[in-house]
Amino acid sequence: MKVLVVGGGGREHALCWKIASSPLVTRVLCAPGNLGTAEVAQNLAVAATDLDGIVRIAREHAVDLVVVGPEDPLVMGLADRLRAAGVVVFGPGAQGARLEGSKSFAKELLERHRIPTASSRRFDRAGLAKSYLESQQAWPLVIKADGLAAGKGVFICRDARQACSVVDALMEERRLGDAGAQILVEEFLEGQELSIQAITDGRTLLLLDPVVDHKQLEDGDRGPNTGGMGVVSPARWVSKRLLRQIEQRVLLPTLHALQIEGLDFRGVLYAGLMVTESGPRVLEFNCRFGDPETQVIVRRFGGDLVPYLLAAAEGKLDGLEAPPTGAEAALGVVVAAHGYPGEVRRGDTIGGLERAGKEEGVVVFQAGTRRAGEHLVTDGGRVLCVTAVGADMEEARVRAYAGVDRIVFDGKQCRRDIGMRPAQMR
C-alpha cells in the first residue's frame, strides 16, 4: 500500500521512519517533508496547509492512507476534504479538531460532560480580563491563548501585574496573532504532568505508552515554555490503576461526549493531564500525535504501526489486538537553535549528525534543517530530536546524550536533565 504523511517536522520524520518499516507498505510519500523524511520517503513540494494540493496529490498518487501530522491542516478541515474525495485518512475532521483548535470549545465540552478539569473563565476583551485578574486573591493562575499557538500559548502567572502583562501581550499586542484574541484564565493545578495519547476510530481506544514531556527551555524546569525540549517513556510512576482511572474518567467519557455531540473523531485523542491528589484532570487536548512525543513513541511501539492507523481511519479498530511491548525505555532530547523559543537564528552549520546516528540505540529525527551547498544548516527552532532506547531509562539517557554530544553547531541549545527526575530513572 501507499501511505502519504502530511507535515514537515520531527514528528513526520518519525512517522515516515516507522511507516516505512511496515511490510504492508510499498511506498511512503511526505508533503512537504524535510531532509530526514527524504531518507525514508519521497518528498512532495506541497505545504501541509494547502488543502487543495494535498487532496490533489493523494488522488494523483492513488494513496491508500493519508496520515496527517500537524494540527493546523486538521483544524482547517483537511480530513473532511480528503474523505469527501474518497481518500482514507487518519485524523479527525474540523469539528473534532476543535478540541485542540479552541481551548474554549474543549473546556465547555469537558464541563458539559463533567469530565475533570481546572475551573476557568473565558474572556474576549482585555479590559474585562484584567479587571477579573486584579480582583483575584489566590495565585498563581494560568492564562491560555484560546487558539493554536504551537505549544507557546500557556502562561503561569504569579501575580496580577504579571497576568495583566500577559493579557496585553496576547489580546492587545497580538504577539500570538489571532490565537490570543480570546483567552482562558484557569485555576492552577498542582501535581505531576502526564501526556496520554490514544489511537481511536471514534468508538474504540488503543492507549499508547504514557509519555512525560519537558516543556521548559532550561534544566530544572526553568525558563520559558516551549513546544517541548525532551520526552521519556514510559512514565514509571504511572500505575495500572492510574491508567484505568485516566481511561475511565477522562478518555472514555470524552469519546462518549464526542459521540453524543455528533463529532466523528478518527485519529489521535491526546490528553495533557495533571495528576493531582484527587486524580487526573485535563489540562488540554490535542487532536494529533505529539511532537516530540511521537519520536519516542515510535521507538517503543512493538510491531507494525500501520494496521492500527488504517483500522482507526476505517472505523475497524475493535478488530485488532493490542500491539506487543517494544523497548523497555526510550528517551528523546531536543536540540534547538539559538534564540528558541523566541526569534530563531537560521543558517548555522551542523556537524556530527552521522556520527550521532551511529551511537548504539540512537536514531536522530530531523525537524528544522536544510541544505546550504554542501552543508546541513539550522532552519527552525527545534532542529533535531535525538532518541535512544535502552534496557532501562538510565541506559537510554546515556545513549541519547552520547548522540547529542556528537552534534555541533553555533548556538546549540539542549537540556541536560531529560530523564533525571527521580521517578523517571527507575
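Computed quantities for the displayed model
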item	result
Any hit, segment 250-270, residues being part of a strand (DSSP E or B), aliphatic (A, V, I, L, M), within 23 Å of T387 (Cβ to Cβ) and open to solvent by less than 30 Å² (accessible area, probe 1.4 Å)	yes
Wholly enclosed strands (runs of 3 or more DSSP E) of segment 171-231 bearing at least 2 residues buried (at least 20 other Cβ atoms within 10 Å of the Cβ)	183-187, 192-200
Helices (runs of 4 or more DSSP H) (entirely within segment 304-421) containing at least 2 residues that are closer than 30 Å to A84 by Cα, touching a strand residue (DSSP E or B) at 6+ places or on another chain (Cβ under 7 Å) and not basic (K, R)	306-314
Count - residues of segment 177-203 that are out of contact with any strand residue (DSSP E or B) (no Cβ under 8 Å at 6 or more places or on another chain) and touching a residue at least 60 places away in the same chain (Cβ under 8 Å)	3
Matching residues, segment 232-249, being free of Cβ contacts under 8 Å to residues at least 24 places away in the same chain and either touching a His at 6+ places or on another chain (Cβ under 9 Å) or surrounded by 17 or more Cβ atoms within 10 Å (Cβ to Cβ) (or both)	none
Any hit, segment 8-24, residues being modelled with pLDDT of 95 or more, closer than 16 Å to L310 by Cβ, open to solvent by less than 20 Å² (accessible area, probe 1.4 Å) and β-branched (V, I, T)	yes
Inter-residue pairs, beta-carbon under 9 Å, first under 22 Å from V389 (Cβ atoms) and in segment 299-325, second among the polar types (S, T, N, Q) and assigned to a helix (DSSP H, G or I), 6+ apart	none
Hey, R281 without any contact (Cβ under 8 Å) to a residue 12 or more places away in the chain, outside any loop (DSSP other than H, G, I, E, B) and open to solvent by 10 Å² or more (accessible area, probe 1.4 Å) or not	no
Residues that are of a type in the set (D, E) and either closer than 23 Å to I143 by Cα or at pLDDT below 95 (or both), drawn from segment 192-218	E193, D209, D213, E218
Subset of segment 345-356 [open to solvent by 40 Å² or more (accessible area, probe 1.4 Å) and either among the β-branched types (V, I, T) or within 21 Å of R300 (Cβ to Cβ) (or both)]	T349
Only listed residue being crowded, with 20+ Cβ neighbours inside 10 Å and at positive phi, chosen from G403, G373, G361, G381	G361
Where a residue in segment 134-155 is within 15 Å of F105 (Cβ to Cβ) and its partner, wherever it lies, is part of a strand (DSSP E or B) and open to solvent by 30 Å² or more (accessible area, probe 1.4 Å), with Cβ under 6 Å and at least six apart	K144/V154
Residues located in segment 58-71, provided they are assigned to a helix (DSSP H, G or I) and surrounded by fewer than 19 Cβ atoms within 10 Å (Cβ to Cβ)	R59, E60
Condition broken by G86, with the remaining ones in (1) surrounded by fewer than 19 Cβ atoms within 10 Å (Cβ to Cβ); (2) part of a helix (DSSP H, G or I) satisfied	(2)
Members of segment 25-49 found to be open to solvent by less than 20 Å² (accessible area, probe 1.4 Å) and in a strand (DSSP E or B), listed by number	V28, L29, C30, A31
Of all residues in segment 289-310 being open to solvent by 10 Å² or more (accessible area, probe 1.4 Å) and over 26 Å from M393 (Cα atoms), the one that is nearest to the chain's Cα centre (by Cα)	Y308
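The values are calculated or read from the model by the stated rules, or taken from the named source; none is laboratory data. Everything numeric here is computed off the predicted structure, so don't read it as measured data. Note: ideal-geometry Cβ built from the backbone for every residue, glycine included; neighbour counts use all protein chains shown. With ligands, DNA and RNA removed, areas are computed over all heavy atoms of the protein, side chains included. Shrake-Rupley method; radii C 1.70, N 1.55, O 1.52, S 1.80 Å.
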